[in-house]
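Notes to accompany the following structure.
Bear in mind these aren't lab numbers, they're just calculated from the coordinates by the rules spelled out. All figures in this text were calculated on a predicted structure; none of them were measured in a lab. Here the Cβ positions follow ideal geometry from the backbone for every residue, glycine too, while neighbour counts run over all protein chains shown.
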Amino acid sequence: MQAHNAVKGHIIISDEIEEEASQLERELSPHRVVKFVVTDESFKIEHAKAVLAEAYISEAETKYIILGASDLTDVAQNSLLKLLEEPPHNIEFIIISPTKSNLLPTVRSRLPILKVDTHRVKVEIEISLARLDYKDVFTFLKEHVRVKKEDAKELVQALFYRATVVDMLILTPLQLDNFDKAYRLLNLNARPQSVLAMLLMSFAKDV
């Protein structure tokens with residue numbers, strides 16, 4: 001499932017920046033996680049330089065670099081564009097921001113956005129999207145046959161997390177587009193099972 005333009009990381013929209021970063025650190029264990037969380041001032045060029053220095057420290061296994069800030073200066077974001085577009089080997093970025101509008105369009109275009117409800121009930125996805133077959137898809141849809149709209153949004157969020165963080169997949173452009181499309185369709189009151197089926201089928205293998 002390798003895409004020509006490899007996506008290594010994602011953006012999380014959340015008001016609870018420090019809590020979200022700490023939760024990610026726990027969930028990503030035992031992988032190495034380096035946090036650059038700034039909540040009492042803007043994320044400035046000096047913070048970006050520290051991120052650049054950390055990113056180019058070679059790693060034998062995946063290292064996650066978390067950037068969290070209530071505000072990010074344009075200069076700092078622009079200095080990271082090349083890094084986000086072509087991250088060093090085994091480096092993945094997670095940016096946490098309270099709103100999309102804080103991020104430059106050029107930054108948003110490089111990483112998929114995962115919207116997070118800070119009061120969400122955590123959903124665990126047991127199925128592996130790296131080894132998903134049609135039987136798994138059928139079973140999952142059957143288990144969630146009566147899922148409500150808001151619960152379906154949590155499942156979409158959990159599936160994205162499972163794919164990118166747990167299974168560490170590099171998503172294809174189609175898969176990324178389907179995740180963005182899923183939120184829009186659910187907001188338009190599309191049938192939740194149809195939306196989930198669309199997402200899962202882009203991962204399923206005929207075995």
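What does a probe at Glu41 reach in the stretch 53-88, counting residues whose amide N is under 17 Å from the point 7 Å along Cα→Cβ? 68-77, by backbone N distance to the label point. Using a cutoff of 8 angstrom between alpha carbon atoms and counting only pairs six or more residues apart, the relative contact order for the stretch 1-117 works out to 41 percent. Binning all Cα-Cα separations of the stretch 120-207 at 5 Å, short to long from zero, yields these whole-percent fractions: 3, 15, 28, 28, 20, 6, 1.
Based on DSSP H segments of at least four residues, each scored -39500 (n - 2.57), the chain has a per-residue ellipticity at 222 nm of -12500 deg cm²/dmol.
Starting from the Cα of Glu54, move 7 Å in the Cα-to-Cβ direction to define the label point; list residues of the stretch 7-31 whose amide nitrogen is under 11 Å from there. Backbone N within reach: none found.
In this calculation the C-beta distance from Asp74 to Ala197 is compared with R0 = 45 Å, giving a FRET efficiency of 0.65.
Straightening the chain between Ala158 and Arg131 buys 8.1 nm, computed as 0.36 nm per residue apart minus the Cα-Cα spacing. In this simple spin-label model, placing a label point 7 Å from the Cα along the Cα-to-Cβ direction at both His31 and Asn189 gives a separation of 3.9 nm.
Residues whose amide H falls under 5 Å from that of Ile113, counting only those 5 or more places apart or on a different chain, are Ile11, with hydrogens built in the peptide plane. Which residue, Asn78, Asn189, Asn178, has the most motion in a Gaussian network model of the chain that connects Cα atoms within less than 10 Å? Sorting by GNM fluctuation, first place goes to Asn189.
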